[in-house]
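Participant: One structure, pasted below without further comment.
The values are calculated or read from the model by the stated rules, or taken from the named source; none is laboratory data. Predicted model only: the values in this text are computed from it and were never measured. Here the Cβ is made from the backbone with ideal geometry for all residues, glycine too, and neighbour counts use every protein chain on show. Areas reflect the complete protein model, heavy atoms only, side chains present, ligands, DNA and RNA absent. Shrake-Rupley method; radii C 1.70, N 1.55, O 1.52, S 1.80 Å.
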Amino acid sequence: MPANPDYPELEAARTDWRWQPPAGCLDGKVILVTGAGDGIGCAAARCFACYGATVILLGRTRSKLETVSDWITSNTTTEPVIVPSDLAVLGEDNAQALADATNDAFGRLDGLVHNASLLGPKVPIAHYPPGEWQKVFAVNTQAVFMLTHALLPVMEHSERASIVMTSSSVGRQGRAYWGAYAVSKFAVEGLTQVLADEYENAGKIRVNSLNPGGTRTAMRSAAYPGEDPQSVPTPETHMDLYLYLLSDQSIGVTGQQFDARTWQQP
Ligand code: NDP
């Protein structure tokens, strides 16, 4: 990575990483990150670029993507691409257009990080507004399927591709009041298992789910308004695991559930 990216959060986190990724471990890779304008997705995009990847930044708010893109251009040797897109209304045609554009520009896709999500209301199922349920599922589950479905043929052009599905503790063990968010994450876990099984023998595309655990972002503050954000790890804290899953270091690892808080270098 460049000697001095202006990235103090990364510098602070890196000394405690459980795996020290070699410089350039993502050199030449093309990686798409959804929800790249903020929170964990923003950190992942910046981090991947620092380690050599060309990053496709997909998100809802164009200005946030432009800020991330400007940072990457100024601080790394890579040139990102921005894709403003509202995943709540992503149709088959939009997903296919993105896949075609990716194929035209790069001829392949090496990494896909499904990170964008909606929290939705934290209320009992009995009081859950059905319209909100649909919105959460549209972003957290339906768009994940649509993007994966359209991009799989482009990923098959990669020698070794990696898909990371972002999950949550409540997507592995249900908890009261987490509603559509929790149930949608169970669906993401299911998609991970089905897809990993389908690609296991071919060996070219690995698929894993990752629970980042409590992380200092806007979503965390919305879920836990009384919590002191300083008591929660920064997104950069767990970027060693993200880099591991996107780099060739994790070739052969598929169908697994990762928890960023407890992960140890294999
Ligand atoms: P944030 O809410 O901080 O960021 C989410 C990102 O997703 C934002 O950039 C947002 O865009 C984008 N996004 C939301 N809706 C859409 C949409 N309709 N179309 C396109 N982009 C959209 O979330 P986190 O960074 O905290 O979470 C990232 C992932 O980690 C999520 O999958 C979450 O479930 C998971 N996670 C997070 C935990 C935590 O403690 N933070 C704990 C466990 C799991 P915009 O900025 O424009 O709104």
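Participant: Between a first residue in region 141-157 that is open to solvent by 70 Å² or more (accessible area, probe 1.4 Å) and a second residue that is among the charged types (D, E, K, R), which pairs have beta carbons less than 9 Å apart while being 6 or more apart in sequence or on different chains?
Facilitator: H149/E92; E156/R108; E156/K204; H157/R108
Participant: Out of T262, T217, report the one residue that is under 16 Å from the mean Cα position of the chain (by Cα) and β-branched (V, I, T).
Facilitator: After applying the criteria, what remains is T217.
Participant: Given the conditions (1) among the aliphatic types (A, V, I, L, M); (2) within 15 Å of the chain's Cα centre (by Cα); (3) not in a helix (DSSP H, G or I), which single one is not true for V144?
Facilitator: For V144, the failing item is (3).
Yes/no per residue for (1) crowded, with 21+ Cβ neighbours inside 10 Å; (2) within 16 Å of the ligand (Cβ to nearest atom):
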residue: S162; (1), (2): yes, no
residue: M165; (1), (2): yes, yes
residue: S169; (1), (2): no, yes
residue: Q173; (1), (2): no, yes
residue: A176; (1), (2): no, no
residue: A187; (1), (2): no, yes
residue: Q193; (1), (2): no, no
residue: E200; (1), (2): no, no
residue: K204; (1), (2): no, no
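Participant: OK, next. Among what's in region 45-68 and is open to solvent by less than 20 Å² (accessible area, probe 1.4 Å) and either among the β-branched types (V, I, T) or more than 20 Å from A23 (Cα to Cα) (or both), pick the residue that is nearest to the ligand (Cβ to nearest atom).
Facilitator: G59
Participant: Residue under question is E198, and the condition is that it be without any contact (Cβ under 8 Å) to a residue 24 or more places away in the chain and either over 28 Å from A176 (Cβ atoms) or in a helix (DSSP H, G or I) (or both); does it hold?
Facilitator: It is true that E198 is without any contact (Cβ under 8 Å) to a residue 24 or more places away in the chain and either over 28 Å from A176 (Cβ atoms) or in a helix (DSSP H, G or I) (or both).
Participant: Say we look at region 1-38 and pick out the residues that are of a type in the set (K, R) and surrounded by 15 or more Cβ atoms within 10 Å (Cβ to Cβ); which of these is modelled with the lowest pLDDT?
Facilitator: Once the filter is applied, the top-ranked residue is R14.
Participant: Additional query: Any idea which residue in region 69-100 is nearest to C47 (Cα to Cα), counting only those that are open to solvent by less than 70 Å² (accessible area, probe 1.4 Å) and without any contact (Cβ under 8 Å) to a residue 12 or more places away in the chain?
Facilitator: T73
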